[in-house]
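Okay, structure first, notes after.
The values are calculated or read from the model by the stated rules, or taken from the named source; none is laboratory data. Model, not experiment: these values are computed from the prediction. Reconstructed Cβ throughout: ideal geometry from the backbone, glycine too, with neighbour counts over all protein chains shown. Ligands, DNA and RNA are stripped out before the accessible areas are found, and what is left, the full protein with its side chains, is counted by its heavy atoms. Shrake-Rupley method; radii C 1.70, N 1.55, O 1.52, S 1.80 Å.
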Amino acid sequence: MSTETAGDKSNYSAENIQVLEGLEAVRKRPAMYIGDVGFRGLHHLVYEVVDNSIDEALAGYCKNIEVIIHKNNAITVIDDGRGIPTGMHPKEGKSALEVVMTVLHAGGKFDKDTYKVSGGLHGVGVSCVNALSTLMRTNVHREGKVFQQEYNCGKPMYDVKVVGESNRTGTTQYFEPDASIFIHTEYKFDTLAARMRELAYLNRGIRITLRDERVEEGAPLKEESYFSEGGLREFVAYLDGTREKLIPEPIYVEGEKGGVPVELAFQYNTGYAENLHSYVNNINTIEGGTHVAGFRRALTRVLKGYAEKEGLLKNVKFDISGDDFREGMTGVISVKVQEPQFEGQTKTKLGNNEVMGAVDQCVGDVLGNYLEEHPKEARTIVNKVILAATARHAARKAREMVQRKGAMSGSGLPGKLSDCSETDPSLCEVYLVEGDSAGGTAKQGRNRAYQAILPLRGKILNVEKALEHKIYENEEIKNIFTALGVTIGTPEDDKALNLTKLRYHKIIIMTDADVDGSHIRTLILTLFFRYMKALIEFGYIYIAQPPLYLVKKGKEEEYCWTEAQRDETVLRLAKGGNPDSVGIQRYKGLGEMNAEQLWSTTMNPETRTLKQVTLESAAEADHIFSMLMGDEVPPRREFIEANAKYANIDA
Ligand code: 0RA
């Protein structure tokens, strides 16, 4: 392959024009290519570039990836792979590097043998990142040289040139996201960190380093490095960090069937929730699919077979369902599929049928052996399953009781709910309000046409620690779900159906701005996360933002939400005079505001701000919730103190 710099300005052919049209399309409709132009899309640019380096690592040529957030919120991604080829591309008549950087979906064209799977869902190629950056610079270390090309909104500024010598190989991508396209251009360290950590667990043996240069002058650099030797075993241990485990080590499966690499690990804990995270080509498949189905099928078959063979089910008088085998289980499953078919509401459900059998066989083999070789652990697991089945029977009875009672009362809606008059759910909102008194104020202040109020008394049950049937029996929780119009504990397949009965498309949690309020908010979010995750996935959950301060001078009054805003307002109202003449009232509770104030600051759609709760990373949210709400107290306290806000669950 030639190492000549490629292309020359005179042969500006039809092809070049097509290329520009391709990138112009990306700039015209960026959301079609990267999902959205908010925080998600902005961070997606980094994932797209990192994915290319991960592919190089999966091909066996790259060990280290470094991601740098620069002071200007530009990003650099450095890898030590072979470097993108720079020779002349025979068909396109220009450097292969230029083709990769400027042609949509050109990413893997040159190396058919390379096992190319990462990306996939949004695998739109680095050319999209290029099109959406005001400046992008690629440096390739290869064949003793450093090659370089720069681009402006995806257009090359010059032909690929040699800018130096090098004794290593690899690719360095630098880019500055276009502020005229993205709503925000500020990167969140924690969001990138969660994804890099996840990628390190999913692709063991790769070191990924994340560095934030946006620290104050003289302060030490902020840097984290992720590396996993044990892969998913360690991922499960991380997710289950504060839960009490039932067996010493996770059960680990690594294999390949029919060209589908399968890796998975799972552990049982003393809790009751199932936390199964699944990935296809490093993408979180939140709706599951055939890989998850294959795992469940094998788990149920093999465990049931073992329990029967050992006579452990002799005294069990009722049937054991598939769910019972997964209660208190934390697991991660990762498959790599050459041509994934994604289905479902959010296109995150794997449809390839062949994957079901592949996972089933891999799990079947390993789990069968595991149970034979670990009789003590096998017995522990089977006992746990029997306990789950027993509890499920109690839960079903409790739920049937609840439903029968619900059917008898008039509208079936909770008495504490002040409903709105509008009936189209897409126009309706419900406020879940901490305490009866704030609930009363909200009821006076609201617009009753489309705003409903449900006051909640005190702390609701911590579902992270409660037995399932307790959840169905809890008054506050029953009220929440009845008011929303959805059923608790709906099986996986019915969840979408269940949501069609949802009565409000904005569910707004409104709590005091103090420690108790924050705790109650976390309890409610945990409830939704564990028992109605779809509400979060579809973006129906919001957090109200009451003001923290009222700044007053004479007749002038202004509400403030941050300390900086407060200080600025004090100075402004003082009008050059003594700031002490300005009064500051610190709001802690919603109860300190009257109905008019609550309406104008927190409930009026024209003037309020709402925070939408999103699941940037379900795995990270799982880790955080288990830490916040789980058994071990010390790590929870530490976390609450360090993070008054939610790390990855807030938008
Ligand atoms: C195709 C072929 C070869 C390298 C790559 C792609 C490659 C792409 C990226 C993107 C980011 N980092 C990368 N590293 C490598 C090499 C083919 C050869 O050397 O024979």
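Just one of Ile78, Ile65 is modelled with pLDDT of 95 or more, open to solvent by 30 Å² or more (accessible area, probe 1.4 Å) and within 10 Å of the ligand (Cβ to nearest atom); which is it?
Among Ile78, Ile65, only Ile78 is modelled with pLDDT of 95 or more, open to solvent by 30 Å² or more (accessible area, probe 1.4 Å) and within 10 Å of the ligand (Cβ to nearest atom).
Output the residue which, of all residues in the stretch 113-132 that are within 10 Å of the ligand (Cβ to nearest atom) and at pLDDT below 85, is farthest from Tyr174 (Cα to Cα).
Asp113
Can we say Thr172 is within 16 Å of the ligand (Cβ to nearest atom), in contact (Cβ under 8 Å) with a residue 60 or more places away in the chain and in contact with a His (Cβ under 9 Å, 6 or more places away or on another chain)?
yes
What are the pairs with Cβ atoms under 6 angstrom where one residue, in the stretch 38-58, is in a helix (DSSP H, G or I) and the other, located anywhere, is among the polar types (S, T, N, Q) and within 13 Å of the ligand (Cβ to nearest atom)? Sequence gap at least six, or different chains.
What qualifies is Val49/Gln173; Asp51/Ser118; Ile54/Ser118; Asp55/Ser118.
Going by what's in this entry, would Arg40 be described as within 9 Å of the ligand (Cβ to nearest atom), open to solvent by 30 Å² or more (accessible area, probe 1.4 Å) and out of contact with any Leu (no Cβ under 9 Å at 6 or more places or on another chain)?
no
Take Arg137 and decide whether it is at pLDDT 95 or above and under 28 Å from Gly35 (Cβ atoms).
Spelling it out, Arg137 is indeed at pLDDT 95 or above and under 28 Å from Gly35 (Cβ atoms).
Which number in (1) surrounded by 12 or more Cβ atoms within 10 Å (Cβ to Cβ); (2) modelled with pLDDT under 95; (3) outside any helix (DSSP H, G or I) marks the one condition that Gly415 misses?
The number of the failed condition is (1).
Report, by residue number, each residue of the stretch 143-166 that is open to solvent by 60 Å² or more (accessible area, probe 1.4 Å) and either at pLDDT below 95 or assigned to a strand (DSSP E or B) (or both).
Within the stretch 143-166, Lys145, Asn152, Lys155, Lys161, Val162, Val163, Glu165 meet the criteria.
Looking only at the stretch 468-489, which residues are more than 25 Å from the chain's Cα centre (by Cα) and in a loop (DSSP other than H, G, I, E, B)?
Asn474, Gly485
Go through (1) buried (at least 23 other Cβ atoms within 10 Å of the Cβ); (2) part of a helix (DSSP H, G or I) and name the single condition Tyr268 misses.
Condition not satisfied by Tyr268: (2).
Pairs please, first residue from the stretch 579-597 and free of Cβ contacts under 8 Å to residues at least 40 places away in the same chain, second anywhere and assigned to a loop (DSSP other than H, G, I, E, B) and among the hydrophobic types (A, V, I, L, M, F, W, C), Cβ atoms under 8 Å, 6+ apart in sequence or on different chains.
From the stretch 579-597, the pairs are Arg586/Leu548.
Considering only residues of the stretch 493-510 that are surrounded by fewer than 16 Cβ atoms within 10 Å (Cβ to Cβ) and within 24 Å of Glu468 (Cβ to Cβ), which is modelled with the lowest pLDDT?
So, considering only residues that are surrounded by fewer than 16 Cβ atoms within 10 Å (Cβ to Cβ) and within 24 Å of Glu468 (Cβ to Cβ), the one modelled with the lowest pLDDT is Asp493.
If I go through the stretch 299-320 residue by residue, how many of them are open to solvent by 40 Å² or more (accessible area, probe 1.4 Å) and in contact with a Ser or Thr (Cβ under 9 Å, 6 or more places away or on another chain)?
Total meeting the criteria: 1.
Got at least one residue in the stretch 276-285 being modelled with pLDDT under 95, part of a strand (DSSP E or B) and open to solvent by less than 10 Å² (accessible area, probe 1.4 Å)?
Taking every residue of the stretch 276-285 in turn, none turns out to be modelled with pLDDT under 95, part of a strand (DSSP E or B) and open to solvent by less than 10 Å² (accessible area, probe 1.4 Å).
What's the number of the condition Glu373 fails, among (1) under 25 Å from the mean Cα position of the chain (by Cα); (2) on the phi < 0 side of the Ramachandran plot?
Status for Glu373: all satisfied but (1).
Residue under question is Ile460, and the condition is that it be in a loop (DSSP other than H, G, I, E, B) and at pLDDT 75 or above; does it hold?
When the stated conditions are applied, Ile460 passes them.
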